[in-house]
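Undergrad: Can you keep this structure in mind? I'll have questions shortly.
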Amino acid sequence: MAKQKLKTHKGAKRRFTFTATGKVMSAKGMKSHFRRRKAARVKRQFDRKIEVSDANVKRIKRMLPYGS
């Protein structure tokens with residue numbers, strides 16, 4: 001008898017990506033609120049993805065069983 005498949009968390013699938021080396025990356029928050037008063041340099045930094053902290057990686061990998 002085959003083991004049941006795990007379901008992917010659809011909200012997490014849209015928010016997190018994995019690099020080729022296995023790091024979990026996410027977009028920064030605070031992107032749209034008060035956008036006009038932020039410096040251009042800060043707004044450019046919002047376009048990049050940042051690595052997720054080690055405290056959250058285990059939880060994210062559990063939500064995305066086939067991502068990593």
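Any read-out appearing in this document is the output of simple, stated calculations on the displayed coordinates, not a laboratory observation. Please read all numbers here as calculations on a predicted model, not as lab measurements. Because the Cβ atoms are built from the backbone with ideal geometry, glycine has one as well, and the counts that use them run over all protein chains shown.
Undergrad: Among the residues that make up the range 47-62, is at least one of them at positive phi and surrounded by fewer than 13 Cβ atoms within 10 Å (Cβ to Cβ)?
TA: no
Undergrad: Looking only at the range 6-20, which residues are free of Cβ contacts under 8 Å to residues at least 40 places away in the same chain, assigned to a loop (DSSP other than H, G, I, E, B) and surrounded by 10 or more Cβ atoms within 10 Å (Cβ to Cβ)?
TA: Within the range 6-20, Thr19 is the sole residue that qualifies.
Undergrad: Under 7 Å between Cβ atoms, which residue pairs at least 6 apart in sequence (or on different chains) link something in the range 21-43 that is in contact (Cβ under 8 Å) with a residue 24 or more places away in the chain and surrounded by 11 or more Cβ atoms within 10 Å (Cβ to Cβ) with a partner that is assigned to a loop (DSSP other than H, G, I, E, B) and polar (S, T, N, Q)?
TA: Filtered contacts from the range 21-43: Met25/Thr19.
Undergrad: Within the range 51-67, how many residues are among the aliphatic types (A, V, I, L, M) and farther than 10 Å from Val24 by Cβ?
TA: 2
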